[in-house]
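The values are calculated or read from the model by the stated rules, or taken from the named source; none is laboratory data. Keep in mind it's a predicted model, so treat the numbers as computed, not measured. Cβ atoms come from the backbone with ideal geometry, glycine included; neighbour counts cover every protein chain shown. Surface accessibility is based on the protein's heavy atoms, side chains included, excluding ligands, DNA and RNA. Shrake-Rupley method; radii C 1.70, N 1.55, O 1.52, S 1.80 Å.
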Amino acid sequence: MNILIKSAIIVDPSSPFHQQKNDILIEKGIITKISKTIQNPNNYKEINLENLHISQGWFDSSVCFGEPGLEERETIENGLNTAAKSGFTAVAVNPNTSPVADNKSTIEFIKHKSFGFATNLYPIGNFTKGGQSVDLAELYDMQNSGAIAFGDYNKSISNANLLKIGLQYVQNFDGLILSFPQDNSIATEGLVNEEINSTKLGLKGIPSLAEELQIARDLFILEYTGGKLHIPTISTEKAVKLIKDAKKKGLNVSCSVAAHHLVLTDDELKSFDANTKVLPPLRTLKDTKALIKGLKEGVIDIITSDHNPIDIEHKKVEYYNAKFGTIGLESLFSALNKKIDLDVFIASLTTNPKKRFKIKTETISEGSKADLTLFNPEFEYQFTENNILSTSKNAIFLNKKMNGKVYGIIANNQVVL
C-alpha cells in the first residue's frame, strides 16, 4: 500500500509533528516521510479531504459482537468493518457470545475469524466459567491464545473471594481483571437510575449505591491482593472519587466511561425509548459533569462506546422486557466532539487504553507503522438510521445532532474510507 496524504493536521502529543499541517507519505504500510509539501513522482494514490485531521488509530476497549452464536445481532466481519469506518483500528471484544468465551477454543475461534481485516480484534475472556461467578475460567490458557483481559461483561463478580483469588493468580502472568461495577443485591430488578425521573415514570430504579458499593469492595480487595484491576463504564460522581482516592494510594486500578454517560442523562427516559435502557443506567447531570471532570483530571483513563448490538426482537419491546445495551461505534466521535478537549479525547482512545491493555502504540513519525484514524472535527449533522452500519439498530444517539465526521482508517497496510 503506497499512499500520499495531503494537508493533514496531526493530532498526536507524542509526535514531533503534533498540531502541524503536513503531507504524509506511506509506503508499504510504513510512514516514510512527513513534510509540509511532498511531491508525488511515483503517482501514488492521494488522499485529500476537507479539514483532514489525523491521529493514532483509535482503540475501543469495550465492544460486543454476537458471533459466535448470536450472529443476528452482529457478525465479526460486519462488526470489524463498522469499527473501521467509525475510526477504530483496534477493538477489544467482550465475551458475551453463545457459548461465552471462557476457554482457549472460543478465543482462538474469534481470533481466527478476525484475521485479515484493517481493524485488529483483541478478545476479552470470561473471568468466570459461564460468567456465573462460581469458578475461575481458563485464564492462563486464554491469555496464551490471545485474550488481553478477563471480565464477565455487564455481570458483577458477586463472589468476593473469587476476585481475591483471581487477582492473586493473574499476577503470575501479568493479567488484567475487569470487574463490572454493580452490586446486584442492591440493584435487584432495577431498570433505570433511581432518582426523581424513575419515580415520576414508575420505573424500578438502580441506585448509585449499587455501583459505589461494588467499586469500594473491589478496591479493598485490590489493596489486599495487589495485581491489576480495570473497572469498566463507571457512571456516578462518587465512583470517580473512589477511584481517585485509590490511585492516590498507589493501587494499580484504571477505569473507563461510556460515551453516552458523558453527554446524556436520565431525562432521556421520558420518551420510554428502549434504546435508552443501558447498564449502568443513564444518571444525572451532576454525574455527567463529575465524569467529564474526572476525564480531564486523568482519574478516568479511557472512553469507550460500550457498543452492544441487540436485535429488534429484544429491543423494540416494552421497556421492562427490553435488554440493556446500545450500539455506539458509529456515533462515539461525533457525540463527544466539541464537548471534550480534543487532546483529552484522543488520549482516552489511543495511548491510555493501549498502554493499559498492553497494545503497541504507533507514534505518527517517520519510520513508524501507519496506524491512523482520519477525521474532520468541523462537520454538523443529525444522526439517523442511515448513519448506522451495524446489523442491529439500537442506537441511543438516534436523531441527535452531532458534530464531527470520521473519514476512516489506515491500518494493517489497508485503507478504509
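Let me spell out the model: positive unit charges on the Cβ of Lys and Arg, negative unit charges on the Cβ of Asp and Glu, origin at the Cα centre of the chain. What dipole size does that give, in debye rounded to 20? That gives a dipole near 840 debye.
Amide H contacts of SER61: ALA92, SER305, each under 5 Å away and 5 or more positions distant or on a separate chain (H built 1.01 Å from N in the peptide plane; Pro and chain starts excluded). Mind listing which trypsin sites (Lys or Arg not before Pro) in region 333-379 are in a DSSP loop and have 13 or fewer other Cβ atoms within 10 Å? Listed in order of number, the matching sites are LYS339, LYS358, LYS360. Taking only the alpha carbons of region 295-354, we obtain Rg and Dmax values of 14.8, 41 Å in that order.
Assign one of three labels to region 48-169, namely rounded, prolate or oblate, based on the Cα gyration tensor with a ≥ b ≥ c the square roots of its eigenvalues; rounded applies when a/c is under 1.5, prolate when it is not and a/b is larger than b/c, and oblate otherwise. The shape class here is prolate.
Out of the trypsin sites (Lys or Arg not before Pro) in region 213-275, which ones are loop residues according to DSSP with at most 14 other C-beta atoms within 10 Å? Display every interim value, and only then the final one.
Details: sites: ARG217, LYS228, LYS238, LYS241, LYS244, LYS247, LYS248, LYS249, LYS270; in loops: LYS228, LYS249.
Qualifying residues, ordered by number: LYS249.
What the Cβ-Cβ distance of TYR169 and GLN414 gives, at R0 = 30 Å and to the nearest 0.05, is a FRET efficiency of 0.20. Under Stokes-Einstein, with the Kirkwood radius over Cα pairs standing in for Rh, what whole-number D in µm²/s applies to region 32-80 at 4 °C and 1.567 mPa s? Answer from the Stokes-Einstein relation: 85 µm²/s.
Express as a percent, rounded to the nearest 5, the fraction of DSSP beta bridges in region 9-65 (both residues included) that run antiparallel.
On the way: 6 of 9 bridges.
If I count the DSSP bridges inside region 9-65, around 65 percent turn out antiparallel.
Translational diffusion coefficient of the chain (Stokes-Einstein, Kirkwood radius from Cα pairs, 10 °C, 1.306 mPa s): 73 µm²/s.
Return the FRET efficiency for the residue pair LYS6, LYS296: r is the Cβ-Cβ distance, R0 is 45 Å, and the value is rounded to the nearest 0.05. Display every interim value, and only then the final one.
Numbers: r = 33 Å, r/R0 = 0.74.
FRET efficiency, LYS6 to LYS296: 0.85.
Rounded if a/c is under 1.5, else prolate if a/b is larger than b/c, else oblate: which is region 97-196, with a ≥ b ≥ c the root eigenvalues of its Cα gyration tensor? Since a/c reaches 1.5 but b/c is at least a/b, the shape of region 97-196 is classed as oblate. The ratio of the alpha-carbon radius of gyration of region 261-345 to the globular-protein estimate 2.2 N^0.38 Å is 1.16. Pairwise Cα separations in region 264-417 fall into 5 Å bins from 0 onward with the following percentages, short to long: 2, 8, 14, 19, 21, 16, 11, 6, 2, 1, 0.
Where a ≥ b ≥ c are the square roots of the eigenvalues of the C-alpha gyration tensor, would you call region 152-229 rounded, which needs a/c under 1.5, or, failing that, prolate if a/b is larger than b/c, or oblate?
In terms of gyration-tensor shape, prolate.
Site pair GLN382 and LYS200 shows an inter-label distance of 2.4 nm when each label is modelled 7 Å from Cα along Cα→Cβ.
Looking at region 113-206, which chymotrypsin sites (Phe, Trp or Tyr not before Pro) are DSSP coil and have at most 15 other C-beta atoms within 10 Å of their C-beta? Kindly include the intermediate steps, with their values, before the conclusion.
On the way: sites: PHE115, PHE117, PHE127, TYR140, PHE150, TYR153, TYR169, PHE173; in loops: PHE115, PHE117, PHE127, TYR153.
Listed in order of number, the matching sites are PHE115.
Applying 1/(1 + (r/R0)^6) with R0 = 22 Å to the Cβ-Cβ distance of GLU318 and LYS393, what FRET efficiency is obtained, to the nearest 0.05? Before the final figure, lay out the partial values.
Values: r = 18 Å, r/R0 = 0.82.
Efficiency for this residue pair is about 0.75.
Label positions at VAL134 and SER105, each projected 7 Å from the Cα along the C-beta direction, are separated by 1.9 nm. Over the chain, dividing the summed -39,500 (n - 2.57) contributions of all DSSP H runs of at least 4 residues by the number of residues returns a 222 nm mean residue ellipticity of -7500 deg cm²/dmol.
Here region 237-343 has 50 percent of its accessible surface on carbon and sulfur atoms, given a 1.4 Å probe and all protein chains in place.
Relative to the present Cα-Cα distance, how much length would full extension add between ASP245 and GLU46 at 0.36 nm per residue of separation? Length difference between fully extended and current span is 66.7 nm. One chain, two ends: THR32 and ASP267. Fully extended at 0.36 nm per residue, the span grows by 79.6 nm beyond their Cα-Cα distance. Contact order for the chain, expressed relative to its length and based on alpha carbon pairs under 8 Å spaced 6+ residues apart, stands at 20 percent. Each label point was placed 7 Å from the Cα along the Cα-to-Cβ direction; for PHE115 and LEU285 their separation is 5.4 nm.
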